[in-house]
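The structure under discussion appears below in the form of structure tokens.
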């Protein structure tokens, strides 16, 4: 089969992005990603109040934390990916921020499970537009041998955001616990927990303006058509490129989707676990989880990126997938047992390194897909990756522990066992799928490398 031609036009010296500015872009995107996860994860410490006021159970909370987001990806993920491949990416990000922040604020007015579910669907626009744009921008600002560390730093926003959500919601809920009702302009008298959604939704406009400070870089590694011109970023062209590399697309996307089962289940249910099993208060829970996520998850993600880039420079073509295998093993050795310990000290001693390994491969897997595709389809590939990631990860991760609590164990305090089962399932599937993808990925990496030499 004749392979598609991929080339890179000569780089003019004036167009060469400075390393300092490239990292500025990463920092801005990380801050925006952090905001998206604050808006997304704020739900986890509000579980008791929401269940009480809306008369719902753990299963419905799982639906709010997972499928509400996956539903948006089903309809809009790929169209947004195409926009990323053809429009100014910083503007796409800015519009997405405004939309998801608006719907976060709207959550404060939801009076039923159905209206809250619809508002959470709107919040899902965050990652649907932000992720593909961020991956594509970083791929144009960094050479492929440094992309692992760059995208890993961007992915730290997930844990910074989750940590900030734990802190803000934990402190706010505890501070407002003696004031069950508050009077708010336009909304009137509302339950105090609803104010938390307003607090985290308001900064969106400022972050949208921050996104517009990112300069649109020249697109590299363009696919050239038969006439010698850059090919258009059509769905047909994207499908053609993905079909040529279907083993890598399917293996990495589904494999990391099961990794996200671990991440999303822990993000959603770690706080209820510590509060129900060990009797912790929201503020104590939020501060402890925030510390663990910032220190251990972020360091795990960064170290994973460095290890990936180091192995890549040594000529290991599937370096980023090897890092993912290390991650899966670490989850099974540390994180799963931590949720079954009889004492909180033992739980924390295993939970912290477990979180380190859970985050180890999150950025490198994204980089793995970006470096085997030409520029015009990277946004659509990133959107497909996030679509699979969220349809599987958000459908299983937040939902399965709640379902097991309600329908198998019939005990909210069994959340540790339910969470351990979910995390173990995700880790095993991750190891099987990513391990079997390595031979095909090495071929696809070499295919693009032969067609487009490094600049």
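No value in this document is a laboratory result; all are computed from the given coordinates. Everything numeric in this text was worked out from a predicted model, so none of it was measured. As a convention, Cβ positions derive from the backbone with ideal geometry for all residues, glycine included, and neighbour counts pool all protein chains shown.
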Report task. Please arrange 260, 299, 105 by counting, for each residue, the other beta carbons lying within 10 Å of its beta carbon, fewest first. Result -> 299, 105, 260
Requested in this report: Would you mind putting 269-282, 140-153 in packing order, based on average other-beta-carbon counts within 10 Å, highest first?
Outcome: 140-153, 269-282
Report summary line: The exposure ranking of 96, 298, fewest beta-carbon neighbours within 10 Å first, is 298, 96
Query raised in the report: Relative contact order for region 262-412: what is it in percent, counting Cα pairs under 8 Å that are at least 6 residues apart?
Result: 30 percent
Query raised in the report: R0 = 30 Å: FRET efficiency of residue 247 with residue 326, Cβ-based, nearest 0.05?
Result: 0.90
Query raised in the report: region 275-408: D in µm²/s via Stokes-Einstein (Kirkwood Rh, Cα pairs, 37 °C, 0.692 mPa s)?
Result: 195 µm²/s
Query raised in the report: So what is the calculated 222 nm ellipticity per residue for the chain, using -39500 (n - 2.57) for each DSSP H run with n of 4 or more, over all residues, to the nearest 500 deg cm²/dmol?
Result: -23500 deg cm²/dmol
Report task. Return, ordered by residue number, the residues of region 328-357 whose backbone nitrogen is under 13 Å from a label point located 7 Å along Cα→Cβ of residue 284. Result -> 344-345
**Report entry** Burial ordering of 364, 213, fewest other beta-carbon atoms within 10 Å first
**Finding:** 213, 364
**Report entry** Translational diffusion of region 368-447, µm² s⁻¹ [Kirkwood Rh, Cα pairs; Stokes-Einstein; 25 °C; 0.890 mPa s]
**Finding:** 164 µm²/s
Query raised in the report: Expressed as cubic angstrom per residue, what is the convex hull volume of the alpha carbon set of the chain?
Result: 128 Å³
Report summary line: FRET efficiency for residue 295 and residue 240 from the Cβ-Cβ distance with R0 = 60 Å, rounded to 0.05, comes out at 0.85
